[in-house]
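Okay, structure first, notes after.
The values are calculated or read from the model by the stated rules, or taken from the named source; none is laboratory data. All values reported here derive from a predicted model rather than from experimental measurement. We place every Cβ from the backbone using ideal geometry, glycine too, and count neighbours over all the protein chains shown.
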């Protein structure tokens with residue numbers, strides 16, 4: 001008879017000992033047995049069957065699928081798009097040629113023209129006073145010196161001096177007389193004649209009327225006059241402001257006393 005090794009016998013004894021402990025934990029016949037869930041099984045079966053009977057969900061149309069899967073526009077991009085009309089407006093404005101800001105005598109004249117607008121109109125279209133726009137003042141005064149003299153002295157001084165007309169005596173359509181077509185008078189603007197403007201301010205006013213309102217071309221026919229009298233660098237304007245020149249200075253040919261105007265085809269005589 002073959003002898004069983006000791007270590008196998010020991011393992012067998014250990015297994016039996018373990019089996020005895022497990023059997024002691026078995027429920028005795030008299031012990032209460034927990035209720036099974038067998039009673040709920042029909043309900044669960046009904047739920048499963050109902051779930052199985054639901055119709056299968058239809059797939060989304062292609063356009064819905066595309067809408068769900070395509071990338072969304074970021075919120076920062078939406079804000080940028082909302083500002084696009086403003087950017088477009090500013091861009092278009094930037095393309096428009098901007099008129100250079102007035103300087104020198106013309107800038108000064110723009111400040112003082114408001115008092116003239118009540119009679120001649122804000123745009124020079126006339127009213128109680130003569131029309132100035134569309135070259136009208138240039139037809140009357142082909143020489144700026146004559147216009148300066150007239151505006152300085154005004155109607156009453158001309159009438160008192162017996163001067164029958166102002167500006168070009170050969171003006172197309174006839175010379176202009178000291179009173180307007182409706183009998184209105186031109187107020188004197190010069191200080192000696194009772195007005196309130198300095199000679200530099202009168203020059204600025206006349207430059208504004210001739211170049212901004214009446215439309216003289218500073219780069220064409222009227223370029224020489226503009227450079228001499230009305231440009232920002234005009235030495236005459238600077239000297240009038242400084243008081244080193246006056247309208248009565250012979251070299252200017254203006255004068256403050258009323259006088260007849262000069263025909264377009266003649267040179268202005270020196271004042272005095």
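Picking from residues in the range 229-244 that are touching a residue at least 40 places away in the same chain (Cβ under 8 Å) and either at positive phi or part of a loop (DSSP other than H, G, I, E, B) (or both), the one that is surrounded by the fewest Cβ atoms within 10 Å (Cβ to Cβ) is 233.
Going through the range 176-191 one residue at a time, which ones are within 25 Å of residue 239 (Cα to Cα), touching a strand residue (DSSP E or B) at 6+ places or on another chain (Cβ under 9 Å) and buried (at least 18 other Cβ atoms within 10 Å of the Cβ)?
Passing the criteria: 189, 190.
Just one of the listed residues (104, 194, 173) is under 18 Å from residue 256 (Cα atoms), surrounded by fewer than 22 Cβ atoms within 10 Å (Cβ to Cβ) and out of contact with any strand residue (DSSP E or B) (no Cβ under 7 Å at 6 or more places or on another chain), namely 194.
Residues that are surrounded by 15 or more Cβ atoms within 10 Å (Cβ to Cβ) and at positive phi within the range 252-272 comprise 253, 255, listed in sequence order.
Would you mind stating whether residue 163 is modelled with pLDDT of 95 or more, crowded, with 17+ Cβ neighbours inside 10 Å and more than 23 Å from residue 217 (Cβ to Cβ)?
Numbers: modelled with pLDDT of 95 or more: yes; crowded, with 17+ Cβ neighbours inside 10 Å: yes; more than 23 Å from residue 217 (Cβ to Cβ): yes.
Yes: the conditions hold for residue 163.
All of 132, 138 fail the test of being closer than 30 Å to residue 235 by Cα, within 37 Å of the chain's Cα centre (by Cα), in contact (Cβ under 8 Å) with a residue 40 or more places away in the chain and not in a loop (DSSP other than H, G, I, E, B), apart from 138.
For the range 66-103, filtered to residues that are outside any helix (DSSP H, G or I) and farther than 30 Å from residue 233 by Cα, the residue that is modelled with the highest pLDDT is 83.
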